[in-house]
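Read through the structure below, which is laid out as structure tokens, and then see the notes.
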Amino acid sequence: MRIAVASKSAVTVDQHFGHAQRFLIYDYTEGIIEQLAAVEVEKYCSYDPDNPFRHRQFGGILSALEGCQAVVTAQIGELPKKELLKAGIVPVSTSVAIADALKMAYDIVNSGILERIKK
């Protein structure tokens, strides 16, 4: 399963979705972890209260996360969370080591949460 992680350190999940300028892309299968890529993105958050959803930035991030079933971040706002779910990507918020976060995201996706939310 492909999972994107917002991390500056490449050790822990330590970035807010809106502040991330790159996502680390991993393949996680039954405890086996392989980093596939680090994708650069324009950060989502621009602190514009008149435009709470940043379509252009979000679209670029969504393209960069193509093929991912989950994205793990330290925090994420409600609007991008809802849009990720619509796109079939499960958002997971945590601030743990990347290996633990990948297992957590894998377990959440495999729990069928996305199917339950879409009903």
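The values are calculated or read from the model by the stated rules, or taken from the named source; none is laboratory data. Treat the numbers as computed from the prediction; the structure is a model and nothing was measured. With ideal geometry, Cβ positions are generated from the backbone for all residues, glycine too; neighbour counts draw on all protein chains shown.
Brief remarks follow.
- Close pairs (6 angstrom Cβ cut-off, 6 or more residues apart or separate chains): without any contact (Cβ under 8 Å) to a residue 60 or more places away in the chain in the range 31-46, loosely packed, with under 14 Cβ neighbours inside 10 Å anywhere: Lys43/Gln21
- Of the criteria (1) modelled with pLDDT of 95 or more; (2) at negative phi, which one Phe17 fails: (1)
- Among the residues making up the range 67-86, a single one is modelled with pLDDT of 95 or more and loosely packed, with under 13 Cβ neighbours inside 10 Å: Gly67.
- Cβ-Cβ under 9 Å pairs, at least 6 apart or on other chains, the range 4-17 side farther than 19 Å from Tyr28 by Cβ, far side aromatic (Phe, Trp, Tyr) and surrounded by fewer than 22 Cβ atoms within 10 Å (Cβ to Cβ): none
- Taking first residues from the range 78-105 that are over 18 Å from Arg2 (Cβ atoms) and partners that are of a type in the set (Ser, Thr, Tyr), the Cβ contacts under 9 Å between residues at least 6 apart in sequence or on separate chains come to Pro80/Tyr44; Lys81/Ser93; Ser93/Thr73; Ser95/Thr12; Val96/Thr12; Ala97/Thr12.
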